[in-house]
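See below for the structure under consideration.
The values are calculated or read from the model by the stated rules, or taken from the named source; none is laboratory data. All values reported here derive from a predicted model rather than from experimental measurement. Cβ coordinates were reconstructed from backbone atoms using ideal geometry, including for glycine residues, and neighbour counts include every protein chain displayed. Side chains included, ligands, DNA and RNA excluded: accessible areas come from the protein's heavy atoms. Shrake-Rupley method; radii C 1.70, N 1.55, O 1.52, S 1.80 Å.
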Amino acid sequence: MSIRDKIIEIIAEQAMLDISDVSADSTLESLGIDSLGLVESIFAIEEEFDVTIPFNANEPEKSDFDISSVETIIAGIERLVAEKS
């Protein structure tokens, strides 16, 4: 399974949606993911890929990690995984 597919699966699971309901241009807000769901998604993604996401849940707007859409999350995780290799 690709990084993209796994992230979409994790986000769909957190939003309690079918994978087909999550697209790259979806925002977490449009998927109904609240701040708690966001934190749970971040933890699940970190665990799955063994990375640390530079994200501050208390001040997400000051984070170095772009969570504006599923696509930006995927790109960020792909970058973190590549840096780890």
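Tabulated data for the structure shown
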{"read-out": "Complete set of residues in region 54-64 that are open to solvent by 90 Å² or more (accessible area, probe 1.4 Å) and not in a helix (DSSP H, G or I)", "value": "58, 64"}
{"read-out": "Residue in region 39-53 that is surrounded by fewer than 14 Cβ atoms within 10 Å (Cβ to Cβ) and under 18 Å from residue 82 (Cβ atoms) present", "value": "yes"}
{"read-out": "Pair list, Cβ < 6 Å and 6+ apart or interchain, from region 33-54 residues that are of a type outside the set (A, V, I, L, M, F, W, C) to residues that are at pLDDT below 95 and open to solvent by 90 Å² or more (accessible area, probe 1.4 Å)", "value": "54/64"}
{"read-out": "Which numbered condition residue 30 fails, given (1) open to solvent by less than 50 Å² (accessible area, probe 1.4 Å); (2) in a loop (DSSP other than H, G, I, E, B); (3) more than 23 Å from residue 84 (Cα to Cα)", "value": "(1)"}
{"read-out": "Residue 25, sole failed condition from (1) open to solvent by 40 Å² or more (accessible area, probe 1.4 Å); (2) touching a residue at least 40 places away in the same chain (Cβ under 8 Å); (3) under 12 Å from the mean Cα position of the chain (by Cα)", "value": "(3)"}
{"read-out": "Selection within region 6-18 - more than 12 Å from residue 48 (Cα to Cα) and either without any contact (Cβ under 8 Å) to a residue 40 or more places away in the chain or in a loop (DSSP other than H, G, I, E, B) (or both)", "value": "12, 13, 14, 15, 16, 17, 18"}
